[in-house]
Each structure stands twice: as C-alpha cells, then as structure tokens.
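Chemist: Just passing along the structure, written as structure tokens.
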Amino acid sequence: MFRLITGIPGPSGFGSASTAEQVTQGIDASNLTAIVTGGASGIGFETARVLALRKAHVVIAARNVEAANEARQNIVKENGTARVDVLKLDLCSIKSIKAFADDFYALGLPLNILINNAGVMFCPYQLSQDGIEMQFATNHLGHFYLTNLLLDKMKHTANSTGIEGRIVNLSSVAHVHTYRGGIRFDRINDKDSYSDKKAYGQSKLANILHANELSRRLQEEGANITVNSVHPGLIMTNLMRHSALLMRVLQAFTFILWKNVPQGAATTGYVALHPSLQGVTGKYFLDCNEFPPSKLARDKALAKRLWDFSDKLVNAAAQN
C-alpha cells in the first residue's frame with residue numbers, strides 16, 4: 001500500500017506512478033505484431049498507442065468499429081509511421097469471435113502478443129448472445145475462446161521467428177471479491193442470487209485462473225509462449241459506466257489510490273514488452289511488479305476445472 005500511494009518503484013524499477021511510455025522506453029517492437037482487445041478507448045487505447053509508438057504492428061479488436069477507426073486515426077495522426085489495423089470483435093458472441101479469428105488469419109500476419117484487455121464491469125444482470133451471464137461471458141469466456149483460436153498462429157510465429165510469444169490477461173484486484181468457492185459452476189446464470197460486484201470479481205478471478213492453466217499447458221508442451229495476468233489499478237474509464245456515481249463517490253474518498261490512463265496501461269505494457277520478463281509465465285502483476293494473487297487464484301485444481309467448464313460452454317455455444 002505504501003508503494004501504491006507514494007509511487008516508489010518496486011524491484012522491477014517501476015511502480016504505480018510509472019506510465020506505459022516510461023516502462024517501454026527504448027524497446028524496439030518493430031518485428032512484433034500485437035492484438036489488443038478493447039483497444040478503442042481507455043487503457044486499451046493507451047496500450048495500442050504505446051505499442052504502435054514502439055513500432056509494433058497493432059490490431060485493435062473492438063465491438064464498436066467506428067470508435068476503433070477513430071482511435072486508429074488518432075494514433076496515426078500522432079505517429080505517422082504507426083501500423084494499426086481494426087477488426088470487429090464482440091466478445092459476448094461466440095459467432096463474432098470466430099469471425100474475428102477468421103478475419104485475422106486472412107490478413108496473413110504473424111502474432112507475437114495477445115492482450116486480452118476488453119471487458120464490462122458491474123453491469124445489471126443480463127445474458128450474452130449465447131445465453132451466458134454477461135460479465136463471465138465477456139470478460140472470461142470470450143477471451144478464453146479467442147485465445148484458443150489464435151494459439152496455433154502464436155505457436156507458429158514463435159517457432160518460425162524464435163521470438164517468445166506473450167499473452168496478457170487483464171484481471172483486477174477485484175478478483176478477491178467473488179462468490180463462495182470462487183466460480184459458480186452450477187449456477188453461472190442464476191439471476192436470483194446475482195451480484196454485479198461478485199460477478200465481476202468472479203470473471204476477474206477467471207482471468208487469472210485461465211492464464212495460470214494456459215501457462216501450465218504451454219510449458220508442458222514446450223511452447224515458446226508466456227501467459228501472465230495483470231491488475232492495471234484503479235482508473236476512471238468507460239468500463240465503470242454502470243456504476244459511475246458510486247465510483248466517483250469512492251474516488252473522492254480514495255483519490256490518492258487512483259491512476260490516470262497512461263499509468264493504468266503501464267503494467268500491461270511492461271508485461272507485454274519488457275525484456276526482463278523473458279520466460280516469466282503464470283504470474284500476476286500489479287504496478288509493474290510480481291504480486292501474489294488470492295488463494296483461490298492460485299488453486300490449480302480450480303483452474304483445471306474452470307478450463308474444462310469453459311471448454312464445454314464454448315463447444316455448446318459454437319454448435320448453436
């Protein structure tokens with residue numbers, strides 16, 4: 001907490017006050033291609049902007065293509081040599097995710113970095129297009145399916161180039177506030193006991209468990225790809241639109257803990273690009289430093305069960 005408040009750097013040399021530009025300073029990413037989900041606004045946009053600034057070829061994956069194209073124009077206006085593409089992606093639709101993957105493969109690009117950034121937060125109870133609770137569907141299941149569809153491309157890129165692939169899941173410190181047992185496997189769509197805050201925490205816990213289980217599987221097969229999860233910090237973005245008043249009241253009393261958007265994108269940028277993290281996988285990062293997540297987030301059996309559960313849901317939805 002002291003480091004968070006003061007911004008004093010941790011062991012990595014960076015801390016809560018560091019920005020995405022600062023933590024990627026001097027890094028040449030010109031031989032890398034990255035996908036950023038939700039890259040049209042907020043910390044996703046800042047992540048895409050800084051990756052492009054470091055000369056990576058960036059693909060912004062977004063539900064709102066108009067907003068994504070505007071984001072692309074803003075990046076190119078600032079950086080005339082930026083390489084940025086836009087593809088439509090609606091993470092609450094299995095059909096849309098499959099279409100996105102097909103569209104990306106059609107571009108013929110390599111894939112070095114996948115940043116699973118997009119999400120929804122504290123939304124009222126509703127179901128996705130595939131009939132799954134919205135926060136779990138969008139924040140976790142959509143990224144789970146997307147990652148699986150893109151893994152072969154990432155493996156091929158890593159093998160053919162010798163460059164380590166990196167997958168970054170955006171989680172949250174909110175993963176500690178979830179339902180009893182962590183994931184409600186038997187009541188994932190239960191409306192009567194739905195809590196917008198706990199459902200969000202459940203989805204963020206799932207992000208860490210997904211990263212950890214995928215990391216284990218990739219290590220087991222010897223793939224040159226790392227998978228880590230990050231907490232970006234407290235940032236006022238459009239993600240909080242469903243609880244804007246509550247968040248602004250909270251911000252007024254805890255203002256010293258909040259970050260601006262460039263600071264919020266720092267940990268993502270650090271984990272995605274920094275050379276010091278070569279080979280580091282299955283970890284959780286906060287303020288650009290490794291940090292222990294909750295006990296549930298470290299539960300290997302729970303991670304395996306979530307993987308199997310997610311796989312079953314995706315397969316069922318894909319057949320409809």
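Chemist: Go through the stretch 220-234 residue by residue and turn each phi into a ³J(HN,Hα) via Karplus (6.51, -1.76, 1.60, θ = phi - 60°); whole Hz please, and just put x for glycine and proline.
Modeler: The phi angles translate into 4, 8, x, 6, 8, 9, 9, 9, 9, 10, 9, 10, x, x, 8 Hz.
Chemist: Set the Förster distance to 30 Å, then compute FRET efficiency between Thr161 and Asp190 from the Cβ-Cβ distance, nearest 0.05.
Modeler: Working: r = 46 Å, r/R0 = 1.53.
It comes to 0.05.
Chemist: Just to check I understand the Karplus step: with θ = phi - 60° and J = 6.51 cos²θ - 1.76 cosθ + 1.60, what whole-Hz values come out for the stretch 188-204, glycine and proline as x?
Modeler: Working through the residues one at a time gives 4, 10, 5, 7, 4, 9, 5, 10, 4, 6, 5, 5, 5, x, 4, 5, 6 Hz.
Chemist: Which far-off residues, 5 or more places away or on another chain, put their amide H under 5 Å from the one on Leu89, with H placed in the peptide plane?
Modeler: Long-range HN contacts for Leu89: Ala62, Arg63.
Chemist: How much of the accessible area of the chain, probe 1.4 Å, is carbon plus sulfur, in whole percent?
Modeler: 52
Chemist: How much accessible area per residue does the chain have, in Å², with a 1.4 Å probe?
Modeler: Values: 14030 Å² over 320 residues.
That works out to 44 Å² per residue.
Chemist: With Cα extents along the principal axes in Å in mind, check [x] 65, 49, 32; [y] 52, 48, 40; [z] 69, 43, 32 and report the label derived from this structure.
Modeler: Only one option fits the structure, namely [y].
The values are calculated or read from the model by the stated rules, or taken from the named source; none is laboratory data. These numbers were taken from a predicted model, which means no experiment stands behind them. All Cβ positions, even for glycine, are placed from backbone atoms using ideal geometry, and neighbour counts span all protein chains on display. Ligands, DNA and RNA are excluded from the accessible area calculation, which covers all protein heavy atoms including side chains. Shrake-Rupley method; radii C 1.70, N 1.55, O 1.52, S 1.80 Å.
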